[in-house]
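Below you'll find the structure, written out as structure tokens, and then a few comments.
The values are calculated or read from the model by the stated rules, or taken from the named source; none is laboratory data. As the structure is a prediction and not an experimental result, all values here were calculated from the model. Methodologically, a virtual Cβ is constructed for each residue, glycine included, from the backbone with ideal geometry; neighbour enumeration extends over all protein chains shown. The area values use the complete protein model at the heavy-atom level, side chains included, leaving out ligands, DNA and RNA. Shrake-Rupley method; radii C 1.70, N 1.55, O 1.52, S 1.80 Å.
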Amino acid sequence: MIMIRIRLNPGTSQERCWRDPHHGIVCSVKASPIDGKANAALIAYCSTRIGVAKSAITITSGFTTRYKMLAIETKHSRERVEALLCGDADAML
């Protein structure tokens, strides 16, 4: 299991993740932050990018804030997971 801190931007026009020098990994999702919809969208997006089931990703802290701590059950290293989330070309090898 690995832990990754993510800053979530809900209610955006597109879904994507990138590295920010001030905030680390930032993810944008289209869903609004109402009734946990943005959290669910974050889990769905991350599971697709990493290639794991949605049930393998858990938000361990930050349920109602922009900063989330995700626990991810995966065989990949933390560096590889971050690269997959951010779409780094080297991660696709």
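Overview of results
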quantity	calculated
Where 64, 12, 48 fall by accessible area, highest first, once all protein chains stay in place (1.4 Å)	64, 48, 12
Loop chymotrypsin sites (Phe, Trp or Tyr not before Pro), segment 13-90 (other Cβ atoms within 10 Å of the site Cβ: 15 or fewer; DSSP)	63
Where no second cysteine Cβ lies under 4.7 Å, the cysteines concerned in the chain	46, 86
Two-decimal Rg to Rh for the chain - Kirkwood Rh, Cα set	0.93
Portion, in percent, of the accessible area of the chain that falls on carbon or sulfur, probe 1.4 Å	53
Beta bridge orientation in the chain: antiparallel %, DSSP, nearest 5	80
Test item: Cα-centred dipole of the chain, Lys/Arg +1 and Asp/Glu -1 on Cβ, debye	160
